[in-house]
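Nothing in this text is a laboratory measurement; each read-out follows from the coordinates by a stated rule. Just so it is clear, the model here is predicted, and its values are computed rather than measured. In this analysis, Cβ positions are derived from the backbone assuming ideal geometry, glycine residues included, and neighbour counts consider all displayed protein chains.
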Amino acid sequence: MSRTSFIKSFVALGSVVVLVAACATQSDTEETTGAAETTESSAAETAEAVEAEVCDVNGNSQGITEDKIILGAFTPMTGPVADPGNGALLGQQVVFDEVNAAGGIDGRMIEFVTADDKYDPAEAQAAARRLNEQDGVFAFSGSIGTPNFVAVLPYIMSEEIPAIGPYAPSNQVGVIANPNVYMIWPNFVDEFQVSTRYLIEQVKPKKLAMIQMQGDVGDDALKGVQNALEGTDYELTTIVPVEATTTDYSPMVQELKDSGADWVISINQPTGTGQVIQAAKKIGYEPKWLTQSDMTDGGWIAAFGADTEGLVAATKAAPLNSDDPKVQEFVSKFKAATGADPTLWNAVGYAQALVTVEALKNAPALTRSCLEYSLQTMSGFETGLIPPVTFSVDSRQGTTAVGVAQVQNGEVVQVAPFAPVS
C-alpha cells in the first residue's frame, strides 16, 4: 500500500464508523452521533498526523497552481555540449507532453521552463537562480553537464530545491551530503573503473595512456582508472591534460603518440573527444580508444564516422538498437511524437522525466518536502532505459549498475551487461 493510500484508509475508516452509528436506535442517537463525530474527527486528525510525519504538506509549494506544475532545467543549449543538452530537453518534453495529453497530474498540466547555461559554471549559477526566483519553478528536472551542475550545488542546498536525475557524473552528486539531489546515473569513478577493468581483463592492451579533461570530471575518471589498475601489472605513465574549451589538440596527440600506447583512455566533452581522435589520425597515430558513456550516442558516432570504429565505452543506458521490448517501446513513442529516431541524449532526458513524473504522482502533497519524500520511497522504478531506480532516506544514488559497449560497424554493441559496481 502506498503512503497516500495508507492515509486515505484512515478517512475511509472514519466514514464506516459514521455509517454504523447511523443504524443505532433512536434512543442512542445523541450518544452514538457524538461518538461518530469524535471518531471521524479522530480519523481526520490521524490522517493529518501521518501526513505531517512523512513530509510537510503545508511546506513550500512554489510553482504549484490549481492547474499547473512548473518544472525547470538549466542545461547547455549552446556551446560545446549543446547537442546533449538539447537532446535531453527534447526527451523530457516528450514525456511531459504525453502526461499533459492524458490529463496531467491530478488535473494539473506540467509547464517545463528551460535556461541555457552554455556548460559554464557561472552561467549555470545565474540560470538556476533565475529559474527559482523569477520563473518560480517547483523543482529541477534533469540537466546535462557536470561542472555546470556542481557549481549550482550550494544554491540548491540553501534553497532546498529538489533536483531530479541530472546527468552530472561526479562524486559530489548522488551523496547524502547534497540531500536535495537525486542521481540516476553512476559517476565517472564507477564508470571508468568498470570499463577499464573490462579493457585489461578482456582486451589486454600492451600499453595505456590517458587524455584527461581538467576538473572534477577528469579527476573522477582518473580515480576510476586507477582503481581498476590497482594490483595489476599495468601502469598509467602518460596523462595528458586538456581543457573543455580546447580546440587545437596537436600538441596533446603528439605526446600521446610519443608514449607508444596502443590504447588511449579519454575523458573529455563529446566534440573534443572526436576532435582528439581525428587529430591523432592526422599525424599517423591510430590507437584504440576507451571513452566515457557519452560516446555511445548514435549522433556522435554518425558525426565522426569511421574514426569511431572499435571504440570502447561504458554504458549507463540501454543501446537503442536493443531488441528489449521496453527500449523499442520508447523508440516507437519518441518517433511518433517527433518524427525522428531518438539519440542517446533523447533517451537520457526521457528517463529523467519519467522519474520526475513518478515522484510527482506519488507525492502525498505537492510540496517540495513531500516530493522529496516520494523520491526517498521510490523503489525499483522501471524506466525501461536504465537499471531500476531506488532511493532511500539515506541514499541519493538511484542506480549503480554500469555496462560496457563497443562501436562495431557503426553500431553500439553491448559487450558486457549491466552489473552493480563493486
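Overview of results
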| read-out | value |
| --- | --- |
| Listed residues P147, P76, P186, most fluctuating in the chain (Gaussian network, C-alpha, under 10 Å) | P147 |
| Sites K68 and E309 - FRET efficiency at Förster radius 60 Å, r taken between beta-carbons, to 0.05 | 0.80 |
| Of every Cα-Cα pair in the chain, the percent that sits beyond 30 Å | 46 |
| C-alpha long axis of helix 29-54 to longest principal axis of the chain, angle in ° | 10 |
| Shape category assigned to segment 320-422 from the gyration tensor of Cα positions, a/c cut at 1.5 | oblate |
| C-alpha long axis of helix 82-101 to longest principal axis of the chain, angle in ° | 20 |
| Cleavage-rule hits, GluC sites (Glu not before Pro), segment 71-176, DSSP coil, Cβ neighbours within 10 Å at most 12 | none |
| Too-long pairs where the Cα-Cα distance tops 19 Å, listed order kept, from K223/K288; K206/K257; K68/K118; K207/K288; K204/K288; K68/K361 | K223/K288; K68/K118 |
| Built amide H within the under 5 Å cut-off of V404, gap 5+ | T315, V415, A416 |
| 11 Å tail of the calculated P(r), segment 213-253, as % of Cα pairs | 69 |
| Where only alpha carbons of segment 137-205 are counted, the Rg and the Dmax (Å) | 14.7, 50 |
| Distant-in-sequence amide H partners of V113 (H built 1.01 Å from N, under 5 Å) | L71, G72, A73 |
| Sorted largest first, extent of segment 224-382 alpha carbons per principal axis (Å) | 60, 40, 30 |
| Projected area, mean over directions - segment 134-261, Cα convex hull, nm² | 9.7 |
| Tilt relative to the chain, helix 344-362 - C-alpha long axis, 0 to 90 degrees, to 10 | 20 |
